[in-house]
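> Sharing a structure, written as structure tokens. Questions coming.
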Amino acid sequence: MGAAGRRPHVVVVGSGVAGLVTALALGDGVDVTIVTKSTIDESNTRYAQGGIAAAVMPGDSVASHVADTLVAGAGLSDPAAVEVLCEEGPARIRDLVQWGVDFDRQTDDPASDFDAGLEGAHSFHRILHAGGDATGFEVEWALVRAVRASGARVIEQAFVVDLVRAADAAHDASGVLGGDAAADRLDAASRVVGVEVLRDGVVETLSADAVVLASGGVGQLYPHTTNPTVTTGDGAAAALRAGAVLADVEFVQFHPTALAVPGSFLVSEAVRGDGAVLRNNAGERFMEAVHPLAELAPRDIVARAIATEMARTGAPVVLDATAIGAEELERRFPTISAASRDHGFDWSREAIPVAPAAHYWMGGVATDLDGRTSVDGLWAVGEVSCTGVHGANRLASNSLLESLVFAHRAAAALSRELPAPASPSTPDATLAAAGGPTPDAASRWIWPEPRGAHKEESAPETGPQLLPSAERGRNSSAASGPARAAHHEPTRTELHEVMWRHVGVHRDADGLRAARDILSRWEVVIDDPATTPIERLETANLVQLARVMVDSALEREESRGAHYRADFPEADPGFARHLTLVEPPTAAAGPRIEARRSIRATPTVVATAGDASAHGSATEQATELREEVGV
């Protein structure tokens, strides 16, 4: 119990696998509130078809999974983070089995081996599925059932307007926060102590001892995306406004094969793993001439090849899965089969049109290996976070595993570190209760020098204003600097057009500069969130994130992983590093892009206290798991 006689309170923003696992792993010693913009079961997790990659099959190894992940990451994956992911993955699969996820087996015998699939850039059949191509749905519902049986509070249909910092709370209590004393407590004042949420036309504040962002990615920046409509970057934008560091924001993975119809329904990479091939409008296979792995090349390569072929022919390419057979397609991919029929296709008899669509954001709020961000009291897990695992290009089916592993680690770290809460009644007491950085903060976060002296001269002139909430009001996407004189509030369609044309699969300096110029003239001023349509609040967040994405894409003058620059088509060893967005000393300057040397709290793989990974090697854990679940 805390000083006020209550248990610590954690607010988890988001109800995908990362958020739900965090809530469950925190256990009974913590009061947990899950805030979700839609219903508890609506998230990216629900739509994940491909499955979960983990080294749990006989003959596979953690070392092989690590190697495949590092190769896909194109030199930008953090090796320590990748080792954590792959080492602890088997134990997290065990958790899902215990929570009731019924993974597909090779026979009807529940003791038979998993029916593990193969996907692009994997060297082993290690993709576990549930319900054929409905893995995300099965995992989501198992976790929802577990959460509903727990003591967690769930608030649905609640939009997170902003994070609340100690400085905001003090300002609200006193009317003003200023003077030398407040400046001396700047670090304490920046601590996140809650969230503002909008529901039923009312903005309310949820106080918390810690806030965990599990709010997903930024798919709605693009008109063609496999993401649901809720993925508007709200958590990442709020974190940026609160002063958190973002990393790798330029890296957006475009899934090569979305059904080329409105809605961009995802056609899982597992279909190509089972033998489907890509053909152009003349019926010719073209991937064999592009990469030795052909259709199973890394996603960025396949997506660019498809986009190039579409530009050359003016028509979508097609995915030919007819050789797999109608019975097997129905058994392995019932969801895709039904969607194909809904759109008038019989993919067991004909090839279906496919095209790239925005799928996954490798960037996000920079964290260490336990989910801590650069702002005290704020944690991030899942797609909104940037752990360094995915590097420049996510390996297929590693996303659900990342959510499982790092949500579990964040919950374990939070359980160890949550403060004993106080009952502040004055601004000074509020700041004292918020606390300052932990003693090892300086060793956790290392702010590097800019890449060269010219960086200060070429720093972006536009970007979101990072102002204390009392100063900025609700101007969540306003550009700073001289460009602000003439502004326009964009529609979502206008934003989509700019991002798809200039910040999509293919990029170059001219297009990125054009996008930056257009975005600099846009702003969405929010005077009162309570009377503002949710879509407008979302658009404000998307415009803010679009700006920083364009600035980072311009800075990275090379092609690496999912970031392809036609004017810099080769990888540059000098860019084998992360780019971060760092809050400047003055808000009006806009965010500054720098290279990140290290943000890891744990430089080597450390077993979590009480975790199965603390006992034996990863190979032993995998063997133990196979025996435990009957494979």
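Coordinate-derived values only; no laboratory data. Bear in mind the structure is a predicted one, so any value in this text is a computation, not a measurement. Glycine gets a Cβ as well: all are built from the backbone with ideal geometry, and neighbour counts include every protein chain shown.
> Under 10 °C and 1.306 mPa s, how fast does segment 192-271 diffuse according to Stokes-Einstein, given a Kirkwood radius computed over C-alpha pairs? Answer in µm²/s, whole number.
On the way: Rh = 15.2 Å.
Approximately 105 µm²/s, per Stokes-Einstein.
> Using only the alpha carbons of segment 288-384, determine the length spanned along each of the three principal axes and report them from longest to shortest in whole angstroms.
Sorted from largest, the Cα extents of segment 288-384 read 56, 33, 25 Å.
> Give me the percent relative contact order of segment 252-397, please, defined on Cα pairs under 8 angstrom at least 6 residues apart.
29 percent
> What Kirkwood radius, in Å to one decimal, follows from the Cα pairs of segment 209-328?
16.5 Å
> Amide H to amide H under 5 Å from V35: which residues, 5+ apart in sequence or cross-chain, H placed 1.01 Å off N in plane?
The list, which skips near neighbours in sequence, is V12, V13, G14, I155.
> If you don't mind, there's one more thing I want to ask. Taking H placed 1.01 Å from N in the peptide plane, check which residues at least 5 places from A366 or on another chain put their amide H under 5 Å from its amide H.
V245, L246, A247, C386
> Could you order the peptides 9-15, 86-92, 286-292, 346-352 from most to least packed, using the average number of other C-beta atoms within 10 Å per residue? Provide the component values of the computation, followed by the final result.
Details: 9-15: 27.6, 86-92: 25.7, 286-292: 14.7, 346-352: 16.9.
Put in order of decreasing packing, that is 9-15, 86-92, 346-352, 286-292.
> I would also like to ask the following. Expected output is a single nm value to one decimal: the length gained when fully extending between T107 and E417, i.e. 0.36 nm times separation in residues minus the C-alpha distance. What is it?
Values: separation 310, 0.36 × 310 = 111.60 nm, distance 4.51 nm.
Stretched fully, the T107-E417 segment lengthens by 107.1 nm.
> Near the amide H of G194, under 5 Å away, which other amide H atoms are found, from residues 5 or more places off or on another chain, if H is placed in the peptide plane?
For G194, the qualifying residues are V164, A208.
> Considering only C-alpha atoms, what is the centroid distance from segment 321-348 to segment 494-542, in Å?
37 Å
> Taking K and R as +1 and D and E as -1, what net charge do the other residues with C-beta under 13 Å from the C-beta of A571 add up to?
Details: positive: R556, R560, R565, R577; negative: D300, E557, E558, E570, D572.
Net charge in that neighbourhood comes out at -1.
> Obtain the nm distance between the two label points defined at D527 and D567 by a simple spin-label model: each point lies 7 Å from its Cα along the Cα-to-C-beta direction.
Using points 7 Å along Cα→Cβ, the separation is 4.1 nm.
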